[in-house]
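Notes for the one structure printed next.
The values are calculated or read from the model by the stated rules, or taken from the named source; none is laboratory data. Note that this is a predicted model, so its numbers are computed, not measured. Here the Cβ positions follow ideal geometry from the backbone for every residue, glycine too, while neighbour counts run over all protein chains shown. Heads up: the accessible areas ignore ligands, DNA and RNA and are worked out on the full protein's heavy atoms, side chains in. Shrake-Rupley method; radii C 1.70, N 1.55, O 1.52, S 1.80 Å.
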Amino acid sequence: MSATESINTGKEKLDNWLHEKNFFTDVLDKIEKKTGVKRLYLFLGLVGIFALYLVFGYGADLIVTCLGFAYPAYQSVKAVESADKEDDTQWLIYWVVFGVFNIVEFFSDILLSWFPLYFLVKLIFLCWCMAPVSWNGCNTIYHKVIRPFVLKHQTQIDKALNKVGEQVDKVAQEAKDAATEAAIRAATDGKKDS
């Protein structure tokens with residue numbers, strides 16, 4: 001399939017989606033009838049305005065983070081409630097990639113957030129990750145980066161997690177023993193004062 005055919009197919013799918021019956025398309029239909037501008041162009045105009053807002057507007061980080069969370073969270077709940085387990089796997093992979101992305105972003109955000117197109121690129125990346133296609137960002141990143149890394153280092157990761165678990169158990173036991181000893185001491189000191 002050539003690039004032109006892909007663009008035409010995408011445009012056709014978008015146009016079909018814009019003609020489905022829902023609140024958003026009903027509003028677009030009313031505007032289309034009043035202005036005479038096709039709803040496809042109205043939609044693309046809204047997307048353009050939104051993109052400009054992400055570049056120049058206030059609160060772009062919050063908006064992008066909410067968009068990267070809200071739709072996947074909704075789809076995850078639907079996946080959990082459905083009988084099909086394939087959609088569970090799809091959204092679980094999304095959350096693994098989303099988590100890794102947020103950790104990487106935590107360290108790089110200080111530098112990257114100064115670039116004017118950062119939040120627009122971040123939104124495009126998150127949309128690619130949740131896109132309903134087999135080659136979406138989550139599948140690509142998970143199968144090419146995260147999965148091989150985890151499988152290669154699984155033994156070391158498990159050993160480290162076991163050591164951390166042992167240390168947490170040890171600290172918890174010491175805290176329990178200290179609290180028990182303090183309670184006994186307080187109770188015996190209280191009887192002496194009476």
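For the chain, the dipole from Cβ point charges (+1 on Lys and Arg, -1 on Asp and Glu) about the Cα centre works out to 320 debye, to the nearest 20. For the stretch 91-160, report the translational diffusion coefficient in µm²/s to the nearest whole number, using Stokes-Einstein at 25 °C, 0.890 mPa s, and a Kirkwood Rh over Cα pairs. Reported coefficient: 184 µm²/s. Distance in nm between label sites at Thr35 and Leu92, each 7 Å beyond Cα in the beta-carbon direction? A separation of 4.5 nm, rounded to one decimal place. Each label point was placed 7 Å from the Cα along the Cα-to-Cβ direction; for Leu151 and Ala187 their separation is 5.6 nm. Computed on the chain, with alpha-carbon pairs under 8 angstrom and 6+ residues apart, the relative contact order is 15 percent.
Note on Phe106 and Ala178: the extension gain reaches 22.2 nm, defined as 0.36 nm multiplied by sequence separation minus the Cα-Cα distance. A 1.4 Å probe run over the chain, with the rest of the protein chains in place, finds 75 Å² accessible per residue.
Ignoring lysines fewer than eight residues from Lys38 along the same chain, the ones with Cα atoms less than 30 angstrom from its Cα are Lys11, Lys13, Lys21, Lys30, Lys122.
The separation of the stretch 73-101 from the stretch 42-61, counted between C-alpha centres, amounts to 28 Å.
With each label modelled as a point 7 angstrom along the Cα→C-beta vector, the Ala73-Lys163 pair spans 3.6 nm. Please identify which residues in the stretch 129-143 have an amide N closer than 20 Å to a label point set 7 Å out from the Cα of Lys13, following the Cα→Cβ vector. It comes to 129-142, nothing else. Quick one: how many Å² of Arg185 are accessible to a 1.4 Å probe, rounded to 10? Near enough 120 Å² of accessible area. Mind running the shape call on the chain? Use the C-alpha gyration tensor, a ≥ b ≥ c as the square roots of the eigenvalues: rounded below 1.5 for a/c, prolate if a/b tops b/c, oblate otherwise. Because a/c hits 1.5 or more and a/b exceeds b/c, the chain counts as prolate. Using θ = phi - 60° in the Karplus curve 6.51 cos²θ - 1.76 cosθ + 1.60, the 3J(HN,Hα) couplings for the stretch 133-143 round to 10, 5, 9, 5, x, 5, 4, 4, 5, 4, 6 Hz; x is entered for Gly and Pro. Rounded to the nearest 20 debye, the dipole magnitude of the stretch 1-100 is 500 debye, with +1 charges on Lys and Arg beta carbons, -1 on Asp and Glu beta carbons, and the Cα centre as origin.
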